[in-house]
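What follows is a short report on a single structure.
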Amino acid sequence: MVNSQHTDLKIVDLKAAMDFHQQRLSTLKSSLLVSERVIKKLNDTIAVIDAQLQTLNAKKDPSTSDLIVTVNAKQTTEASFTISYFVNYAGWFPTYDFRVDDISKPISVSYRANVHQNTGEDWKDVKLTLSNAEPKTSGVIPNLRTWYLPQNTGYTKTNFNYTNAYPGWTPDPGVMEVKGRVYDDYNKPLFGATIIVKGTTIGTTSDYDGNYSIKLPPGSNYLTVSYIGYTTQDIPAFSNHINIKMTQFSNNLDEVAVGNANTNAMYFSARTAGAEQAKEKIAYIEPMVNIETNETFSPTTYSFEIQMPYSIPNDGKTYAVDIKQQDIPATYVYKCTPKLDKEAFLMANIIDWNDYNFLDGEANLYFEGTYLGKTLLNTAVENDTIEISLGHDKGVTVTRTKLKDIGKKTFLGDKKITSRAFEIAVRNNKKQPINILVLDQFPVSTQKEIEVDKQEYNEASLDNASGKLTWNLQISAANEKKVSFKYAVKYPKDYHILLE
């Protein structure tokens, strides 16, 4: 402390005092920083130990049960029995790989199941039977009651089943894809968390950094997120980016039949698999050329019997199981909407798709040996042909140009007439001919004061109700085709109308 009441304060003494306090403050801050780093390291160690303890405790408390079976027989005989039972906390969801090496060849489809279970016991070298049955779904036909008016209008927050983590959030019907991160109470990423579109078989898992990405079909607005040792959450898809915080909650079989993913349930059958010498398959197995799978059909369900034994630990993580791989005939056509996107998208049309037992799910796209990204296989179609988008192809270029010599405004009495004309050029840079659908539109008037004159749309088909134009073009290799259309709009002078 520097005191100048009885002595003169010298500049040298003041500077020495300031240097002392500055040095002391720097030392304290350095010590504080070291202490914070030690605390953070200890918290990280505690989190790892807690996770290990949780896993060890789960294995120390295996599920056990007693079965009491009553058998009636008309006479004394020797018999063998197969015992099946139903258990929760297990399921599967499908994913696909679509590979197209050449648009003159069939599409190669790899069908894969993602199996997860948290039943209390490990499955070692079991034969899996994957079924699309939903044993938890009610079999009682709903009764259509009389509809009395008036009814309450709108929705309140109590209409939705929200989790505690997202109270009051409503799903956004415009959200078609959700990305984000799954983490725990210590902000640590959770690897292998299962994210499923509620009520469907569409699902994915989080990566090593906890990141996930999943596409939503129309009408599906909730995600079900689960991880071993953590409370399962139903989360409304209110945004394209949702980070999910998970909260903790304080005799091996030889053959297993797995129910559909959205039931979160499973069937079991205790039979001798004869696979004691088979190697344990915990990690993902690369797709094989010949996958031994027997398909069983019934009037309402079908199942896949996987002949190769697999091991699925009791850890809630998702493990890939190959179902089958096959080449499927497909017709290929390009589509483009140059008004909105100048890219040309390759579409594969599969006829009689019901013969291949597809379920809703995400699909990885590969074209000419290059990974293009993901698409969504949506089986909610009303015809026998399903259309799969294989992404955009850089080998086809599209341009849309507004013709400058057309577009002048003219006046007719109290009316104004504005003309527009566009030219669309499509070039095929590939080594084989292509078929491409080019889409554009005329404006559609909803008022009698506004008149649309569809002047030119050569070679295009027109839907008068929507104003949509469609050109079906066949373009040979290394060639280009051009199409054009022209229209005029007559409207009152005091109107301001956007015509592009």
Checklist entry - Can you tell which of K486, K490, K482, K454 is assigned to a strand (DSSP E or B) and closer than 22 Å to T397 by Cβ? => result K482
Checklist entry - Can you find even one residue in segment 103-111 that is touching a helix residue (DSSP H, G or I) at 6+ places or on another chain (Cβ under 7 Å), modelled with pLDDT of 85 or more and of a type outside the set (D, E)? => result no
Item to check | Top-ranked residue in segment 182-208 [being of a type in the set (G, A, S) and surrounded by 23 or more Cβ atoms within 10 Å (Cβ to Cβ); ranked as nearest to V48 (Cα to Cα)] | outcome: A193
Item to check | Residue check for D50: modelled with pLDDT of 80 or more, charged (D, E, K, R) and surrounded by 10 or more Cβ atoms within 10 Å (Cβ to Cβ) | outcome: no
Next on the checklist: Residues to consider are A344, A320; find the one that is modelled with pLDDT of 90 or more, among the small types (G, A, S) and in contact with a strand residue (DSSP E or B) (Cβ under 6 Å, 6 or more places away or on another chain).
Outcome noted: A344
Checklist entry - Residues of segment 460-471 being hydrophobic (A, V, I, L, M, F, W, C) and either surrounded by 10 or more Cβ atoms within 10 Å (Cβ to Cβ) or more than 42 Å from the chain's Cα centre (by Cα) (or both), which ones? => result A460, L462, L469, W471
Checklist outcome for this item: Going through segment 83-118 in order, the residues found to be within 13 Å of Y332 (Cβ to Cβ), β-branched (V, I, T) and part of a loop (DSSP other than H, G, I, E, B) are I103
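So that you can scan it fast, the table gives a plain yes or no per residue for (1) among the aromatic types (F, W, Y); (2) loosely packed, with under 15 Cβ neighbours inside 10 Å; (3) in contact with a Pro (Cβ under 9 Å, 6 or more places away or on another chain); (4) closer than 30 Å to D355 by Cα:
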residue	(1), (2), (3), (4)
G391	no, no, no, yes
T397	no, no, no, no
T410	no, yes, no, no
T418	no, no, no, no
V426	no, no, yes, no
V452	no, no, yes, no
Q455	no, yes, no, no
N458	no, yes, no, no
Next on the checklist: Among the residues of segment 302-321, what is the count of those that are under 22 Å from F191 (Cβ atoms) and out of contact with any Lys or Arg (no Cβ under 6 Å at 6 or more places or on another chain)?
Outcome noted: 9
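The values are calculated or read from the model by the stated rules, or taken from the named source; none is laboratory data. Note that the coordinates shown come from a computational prediction; the quantities given were computed from them, not determined experimentally. All Cβ positions, glycine included, derive from the backbone under ideal geometry; neighbour counts span all protein chains shown.
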